[in-house]
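Reviewing the structure listed below.
The values are calculated or read from the model by the stated rules, or taken from the named source; none is laboratory data. Here the structure is a predicted model, which is why all the values come from computation and not from measurement. Because the Cβ atoms are built from the backbone with ideal geometry, glycine has one as well, and the counts that use them run over all protein chains shown.
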Ligand code: SF4
Ligand code: SF4
């Protein structure tokens, strides 16, 4: 089945489950343009913290390549997420944020939260993502945090005027106190909590009966935990193609990847920022099947799977006559049932 030029989705309106992740929307499912909707930039590999679960990559961007990329794709770009390492350690972060803002693109900043409050405010960022894995300052500092009191204070102050999403990684150190930690973080006034489990410490937390419906990401993840669903990995029936690689781009150093999870887990770059980015990504998309890629099979995130499943369903419901790009799981380059079965047997 093929999609592309036509935008008639009357056959099947998109309806992804409520995940709370701002970048996963029905509007975006309908996006089928020649640019990019969402971009993640790993701006630096440097960070003064030493979190045990850190999987940052040691690479630096070339700033002129980033400016060139923004200039070329500013019309379609809705959101640029700056991450690291610690972006506040990147010399010139202020100028990068200014450039993004002046092109009318929303900015998200993933930070360890330890920089001066005034510097954060001066960036003009729309959304902050800050990690906080405990309420106990001593434990936080043993985990590798610096200035843990300052981090907590920044979360509280920034939450008064900005969207702040706290990343809470559950592991064997905090799993028994997870409910108390959630309550502590919510009392800081945050907008939401991005609950996750340390990839290499596969604990399964238990939750009380509190109503978290005001916090969509937290609510989504807790519901999944209660259903004993893992945050990462594909299900056997997930034979979709990774359409996110067409509307998203993740930049690490001088290269671009399908997503940051893929880069962090050792996946190969799709291409160079100096190349024909969109063409390279379309080719990668066409030849790639998540179900037979061991990184996707093991590490893809739940909300990204929701997007790809719905994109696949929506696209497959379109009329072939209106479409130009292969997208649904029955496309010729998708994994054959035999290949899928073999990869399952190999434990890929
Ligand atoms: S704050 Fe983030 S980048 Fe820094 S060490 Fe911790 S996980 Fe890694
Ligand atoms: S991990 Fe998920 S989002 Fe990333 S390339 Fe694989 S299927 Fe796509």
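Overview of results
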item: The lone exception for residue 178 - which of (1) surrounded by fewer than 16 Cβ atoms within 10 Å (Cβ to Cβ); (2) over 22 Å from the mean Cα position of the chain (by Cα); (3) free of Cβ contacts under 8 Å to residues at least 40 places away in the same chain it fails; result: (1)
item: From 132, 77, 140, 109, residue being touching a helix residue (DSSP H, G or I) at 6+ places or on another chain (Cβ under 8 Å), under 25 Å from residue 246 (Cα atoms) and within 13 Å of ligand 1 (Cβ to nearest atom); result: 109
item: Inter-residue pairs, beta-carbon under 6 Å, first without any contact (Cβ under 8 Å) to a residue 40 or more places away in the chain and in the range 81-99, second within 14 Å of ligand 1 (Cβ to nearest atom), 6+ apart; result: 88/111; 88/115
item: Residue 257 vs. criteria without any contact (Cβ under 8 Å) to a residue 40 or more places away in the chain and closer than 23 Å to residue 312 by Cβ; result: yes
item: Test: residue in the range 135-149 that is touching a residue at least 24 places away in the same chain (Cβ under 8 Å) and closer than 25 Å to residue 80 by Cα; result: no
item: Hits in the range 82-109 (condition: surrounded by fewer than 19 Cβ atoms within 10 Å (Cβ to Cβ), in a strand (DSSP E or B) and modelled with pLDDT of 95 or more); result: none
item: Scope the range 17-60; condition away from ligand 1 (no atom under 16 Å from the Cβ) and in a strand (DSSP E or B); matching residues; result: 38, 39
item: Filter result for the condition that a residue is within 18 Å of residue 198 (Cα to Cα), more than 16 Å from ligand 1 (Cβ to nearest atom) and surrounded by fewer than 16 Cβ atoms within 10 Å (Cβ to Cβ), over 230, 225, 303; result: 230
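Here is a yes/no grid of residues against (1) under 25 Å from residue 21 (Cα atoms); (2) buried (at least 17 other Cβ atoms within 10 Å of the Cβ):
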{"residue": "140", "(1), (2)": "no, yes"}
{"residue": "150", "(1), (2)": "no, no"}
{"residue": "155", "(1), (2)": "yes, yes"}
{"residue": "160", "(1), (2)": "yes, no"}
